[in-house]
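Worksheet: the structure to be examined is printed underneath.
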Amino acid sequence: MPQQPPWQQPHWQVFDARELHSDSLKSDVIVIGSGAGGAVTANVLAQSGLKVTLIEEGSLKTSADFQMEELPAYRDLYQDSGSRMTEDGAIHIFQGKAVGGTTLVNWTSSFRTPKQTLDHWHQEWDFDANAQAMQIYFERMEKRLNISPWRVPPNANNDVLKRGCEVLSLKHDVIPRNVQACWNLGYCGMGCPTNAKQSMLVTEIPQALDKGATLVTNGQAVAFTHKNGLIQSLVVKPTHSSSTSSIHLSAQHYVVAGGAINSPALLLRSHFPDPYQRLGKRTFLHPVNASAALFNERIDAFYGAPQSIYSDAFQWQMGTTGPVGFKLEVPPIHPALAAQMLGVHGDTLQAYMKRLPHIHACIALLRDGFHEESLGGEVRLRDDLTPGLHYPVTEYLWEGFNRAYLAMAEIQFAAGASAVMPLHHDAGQYWNWSQAKEAIKQLPQRIHRARLLSAHVMGGCTASQDPRKGVVDSYGQHHQIRNCHVIDGSLFPTSVGANPQLSIYAFALRNAERLAHQLTS
């Protein structure tokens with residue numbers, strides 16, 4: 001078994017927010033959020049000799065806590081206990097909430113930012129990045145996190161996608177994964193019990209702590225106090241305390257890395273200057289719809305690497321700015337998630353669950369944000385100042401969902417499915433491709449009828465060299481607040497068009513190294 005970082009070593013500084021009082025920590029930089037952006041940033045800054053405090057809203061959980069059980073995992077490791085949704089309840093959103101953020105619970109798929117995406121950002125959003133310049137940062141993070149194509153044969157769930165694409169002559173390939181000595185258990189979404197997943201919990205955060213960084217857990221970043229374009233302090237409230245008291249922490253510089261819902265929300269609560277009304281706008285998901293299929297043979301989609309095969313056959317076929325493209329992958333199918341997504345109840349649900357070992361699922365990740373009718377959503381504060389995501393499901397997206405249902409069903413039948421069931425309340429079981437094709441075209445395009453989800457949230461603090469287009473510049477420097485950077489997925493001007501963790505790692509490495517140079521020069 002890979003060695004677990006010894007939480008904690010005697011020289012590590014790890015505190016619960018309840019143990020602190022105002023100005024009890026002296027820091028050069030405070031980093032808010034310990035996921036892909038925050039952990040990489042904290043490590044880079046700590047390695048440069050800066051005194052870093054890393055603040056995480058969630059708790060510290062380690063491999064000893066990961067029991068491969070869905071309900072405690074959703075409760076302890078996910079935002080809103082796994083129940084986060086868009087404001088209208090149309091799209092279910094999965095985001096992590098623990099030390100390591102979403103890197104703790106994602107399914108390890110690690111793609112570089114597509115060149116088409118980088119070109120679009122550069123041309124349309126004055127975003128200073130291109131594929132050639134970013135290559136070194138992708139390579140370095142791939143080496144640091146052991147990212148490489150999965151060498152083990154795909155499990156039966158992924159093999160259905162592979163077989164179907166081969167029959168239909170559709171492009172497909174192997175997914176790179178950030179794992180080392182992986183046991184191939186299939187429960188990545190519940191935290192890795194063997195520390196094979198190279199999440200921030202076992203890589204960047206321990207390295208930062210070794211260099212003197214301080215980790216604060218269970219601390220919600222409430223708001224900044226600021227004056228004349230400079231942050232004066234960060235207000236932090238302990239998340240597991242009956243007290244309503246907060247503490248103030250101060251530093252020379254502040255990095256916001258809470259993710260693409262919590263980061264815009266923090267800046268909104270802080271009443272940061274926003275002269276061009278960009279903050280919270282253009283927040284993007286990869287909106288996902290899904291199709292289930294029954295097979296005579298066992299699929300056992302709850303075992304094995306969750307994602308190892310993908311297809312981009314429908315991603316760029318209509319150009320960058322045409323009708324929405326989508327990436328095809330498969331999800332693991334564990335009982336609680338399956339029962340939720342199937343959307344049935346009573347005897348029907350019982351019948352499906354009895355056949356769970358024979359069910360395959362395919363998902364389509366829609367690439368939102370590249371078209372003029374593709375504006376994404378907006379992070380807004382509720383009355384209690386918690387964030388909500390307003391995300392209209394537009395006709396542009398519905399057209400893409402319909403094409404995705406058709407593509408997934410055809411692939412599943414090509415792979416030998418005995419029946420296909422689009423995950424839509426008005427869909428039934430279809431016994432052949434011809435029947436499915438006609439039925440899918442008639443499915444109502446209404447929210448709460450299609451079962452939609454997403455695990456990827458981007459944007460809301462759009463990066464652009466032009467202050468009229470972005471909240472921050474291409475390197476995360478806030479356009480109006482001089483001692484504030486935003487370094488996480490909220491920088492991205494559109495969705496990525498691929499699972500975003502490696503994109504966040506690479507841009508965090510680039511931007512944090514630039515910031516470290518500025519602060520230590």
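Points worth noting:
- Only listed residue being open to solvent by 30 Å² or more (accessible area, probe 1.4 Å), out of contact with any Leu (no Cβ under 8 Å at 6 or more places or on another chain), closer than 23 Å to Arg112 by Cα and at pLDDT 95 or above, chosen from Gln501, Gln518, Gln465, Gln480: Gln465
- Pairing each residue of the range 70-82 that is over 16 Å from Val457 (Cβ atoms) and outside the structural domain of Gln220 (by TED's automatic domain parsing) with any residue that is open to solvent by 40 Å² or more (accessible area, probe 1.4 Å) and not in a helix (DSSP H, G or I), provided the two are 6+ apart or on different chains, yields no C-beta distance under 7 Å.
- Test result for Ser34, of a type in the set (Gly, Ala, Ser) and open to solvent by less than 50 Å² (accessible area, probe 1.4 Å): yes
- When the helices (runs of 4 or more DSSP H) confined to the range 94-181 are screened for residues that are more than 28 Å from Gly58 (Cβ to Cβ) and among the basic types (Lys, Arg), those reaching at least 2 such residues are found at 156-167.
- Extreme residue, farthest from Ala64 (Cα to Cα), among residues of the range 8-27 that are open to solvent by less than 50 Å² (accessible area, probe 1.4 Å) and assigned to a strand (DSSP E or B): Ser27
- Check on Asn178, closer than 22 Å to Phe326 by Cα and surrounded by 23 or more Cβ atoms within 10 Å (Cβ to Cβ): no
- Residue, nearest to Ala512 (Cα to Cα), within the range 149-175, restricted to residues that are open to solvent by less than 50 Å² (accessible area, probe 1.4 Å) and in contact with a helix residue (DSSP H, G or I) (Cβ under 8 Å, 6 or more places away or on another chain): Pro154
- Subset of the range 429-440 (residues that are in a helix (DSSP H, G or I) and open to solvent by less than 30 Å² (accessible area, probe 1.4 Å)): Ala436, Ala439, Ile440
- Residue tally, condition closer than 19 Å to Glu438 by Cα and either out of contact with any Pro (no Cβ under 7 Å at 6 or more places or on another chain) or of a type in the set (S, T, N, Q) (or both), over the range 380-415: 13
- In summary, Gln220 fulfils each of the numbered conditions (1) in contact with a Pro (Cβ under 8 Å, 6 or more places away or on another chain); (2) assigned to a loop (DSSP other than H, G, I, E, B) with the single exception of condition (2).
The values are calculated or read from the model by the stated rules, or taken from the named source; none is laboratory data. Note that this is a predicted model, so its numbers are computed, not measured. Because the Cβ atoms are built from the backbone with ideal geometry, glycine has one as well, and the counts that use them run over all protein chains shown. Ligands, DNA and RNA are stripped out before the accessible areas are found, and what is left, the full protein with its side chains, is counted by its heavy atoms. Shrake-Rupley method; radii C 1.70, N 1.55, O 1.52, S 1.80 Å.
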